[in-house]
Amino acid sequence: MSVTENITSILNELENTKLICVTKTVNPERINEAIRAGATIIGENRVQEFEEKADSLLQCKKHMIGHLQTNKVKKAVEYFDVIQSVDSLKVAREIDKRARDAGIIQEVYIQVNIGNEPQKYGFKPDVIKKGIDEISSLKNIHVTGMMCIPPYVPPEQARPYFKEMKALFHDLLLETQRNDNIDLKELSMGMSGDYRVAIEEGATIVRIGSAIFGKRKY
Ligand SMILES: *Cc1c(COP(=O)(O)O)cnc(C)c1O
């Protein structure tokens, strides 16, 4: 199947759920094929890789979905419409500072380590409320969503993590209703292997790479 055919069939299937076309390791020609076929948002993991491709891309929205080192934040703020991978207070503060320097308000999602995995980035569920409280005081950040990458397990086994994420999202939505810097709308979860389960459990935006472009070659 071609990139065009894959995009077309996934977009048909998704209906109201938004698609982020994950383009790490994919060259600009193939990314542009996806954009021509109807993809409107791309997701990249590394600032430097994105920078090399940026000038060749057709118009689209850009989301940062990979862990950000502090020294890459300035460029990330320059390039990305949304930074989904806010996984610590430290990176949130740095984004706030760089956004202020640039005279913009940066849209971000908060990344949750929903499986409490030691090797993974993101706020653990038991500290997320405190984390969001502190982030909400940063004036140059606007929080519009939450993102998670559950443990790497077969799709049905990921379902409880998606459920828990949705419950957490709902709790925080209620708690932050009167906060001007937080407007939780998007729940970003689900990848090529498990996006159908994620949508059943409430994802509003899914991140799909290999089901569009085939297996990645690093
Ligand atoms: C690579 C990646 C994806 C897409 O993974 P696929 O299994 O290829 O769909 C989604 N989210 C993040 C954060 C990624 O790094």
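The values are calculated or read from the model by the stated rules, or taken from the named source; none is laboratory data. Since the model is a prediction, treat every value here as computed from it, not as a measurement. Cβ placement follows ideal geometry from the backbone for every residue including glycine, while neighbour counts extend to all protein chains displayed.
Figures for the structure shown
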{"read-out": "Subset of segment 93-108 [touching a strand residue (DSSP E or B) at 6+ places or on another chain (Cβ under 9 Å) and either within 18 Å of HIS63 (Cβ to Cβ) or assigned to a strand (DSSP E or B) (or both)]", "value": "ILE95, ARG98, ALA99, ILE105, GLN106, GLU107, VAL108"}
{"read-out": "Pair list, Cβ < 8 Å and 6+ apart or interchain, from segment 135-156 residues that are basic (Lys, Arg) to residues that are surrounded by 19 or more Cβ atoms within 10 Å (Cβ to Cβ) and at pLDDT 95 or above", "value": "LYS139/ASP96"}
{"read-out": "Per-region count, segment 140-181, residues under 16 Å from the mean Cα position of the chain (by Cα) and at pLDDT below 95", "value": "0"}
{"read-out": "Residues that are without any contact (Cβ under 8 Å) to a residue 40 or more places away in the chain, under 20 Å from SER136 (Cβ atoms) and over 18 Å from the mean Cα position of the chain (by Cα), drawn from segment 99-122", "value": "ILE104"}
{"read-out": "Flag for ASN32 being in a helix (DSSP H, G or I), within 13 Å of the ligand (Cβ to nearest atom) and of a type outside the set (D, E, K, R)", "value": "no"}
